[in-house]
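None of the figures in this text is laboratory data; all of them are computed from the coordinates on show. What you are looking at is a predicted structure, and each value in this text was computed from that prediction instead of being measured.
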Amino acid sequence: MNNLIKLFIGICIIHLGLEITSSEWTLLSKPLLMPTLGLYLLSENNWSSKYIKSLLLALLFSTIGDCLLMFTEHDQLYFIAGLASFLIAHLFYIFFFFKNTTQKKTSPKRILVLGIYLFLFIYLLHDGLKGILLYAVPIYACILAWMAYTAIQYGTEQSKKIKLLFLSGAILFMLSDSLIGLFAFTEIQAPLLIRRISIMLSYILAQYLLISGANLSIQGFPSKKN
């Protein structure tokens, strides 16, 4: 196992432990998560590789989003800015998947499933959304679903292991963001500890699975492209 993955796992465990204790030290541990994953990706690939730049930018904007969302209690603008940062992160993921896929034909079944998810998600949150969030959240949800679609579509061209990594990562990312929306804008509630751990654990796993799948797929690209 790559030493940076060991470091990433260690930081994840520490951060989740700090989340359990509601420690303010999460302000330091959370911003370390995605950069460590980015360092792992760099250690496995050549920096000059055109394939990893969009992934690193996705992790960069995810880090910015992580930092902004830590201060949503102070001002709703932090939530909106964090939402925008993750939207950009998803766009970079989409760019990676779409640019490298050879399967341009759409899948009606996947579109239908993700369409149902979008309808239910927006329907459940609609009454709790006010102001700019009434438009920002549905737009973000559409981009999230698009990212999931391109990840799953790209995964169908890969080995079973990579396909499973992309599928699981996409589902967990949608789960994490759905939980944030449901807990923030509906009457669906859970104890604070369960909310924190369920959101963070699914988010961390989602990012790890997507990056792991992407890294393995890059390793399979012709060397002349790296």
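Using alpha-carbon pairs under 8 Å, 6+ residues apart, how would you state the relative contact order of the stretch 66-178 in percent? Over the stretch 66-178, the number comes to 29 percent.
Using Cα pairs under 8 angstrom and six or more residues apart, how large is the relative contact order of the stretch 17-105, in percent?
27 percent
Spatially, the stretch 130-190 and the stretch 62-107 are offset by 10 Å when compared through their Cα centroids. Using the Karplus relation 6.51 cos²θ - 1.76 cosθ + 1.60 with θ = phi - 60°, the per-residue 3J(HN,Hα) values for the stretch 168-175 come to 5, x, 5, 5, 5, 5, 5, 5 Hz, with x marking Gly and Pro. Lysine pair count for the chain (Cα-Cα distance under 21 Å; residues 8 or more apart in sequence or on different chains): 21. Springs join every pair of Cα atoms under 10 Å in this Gaussian network model of the chain, and among Lys161, Lys53, Lys109 the largest mean-square fluctuation is at Lys109.
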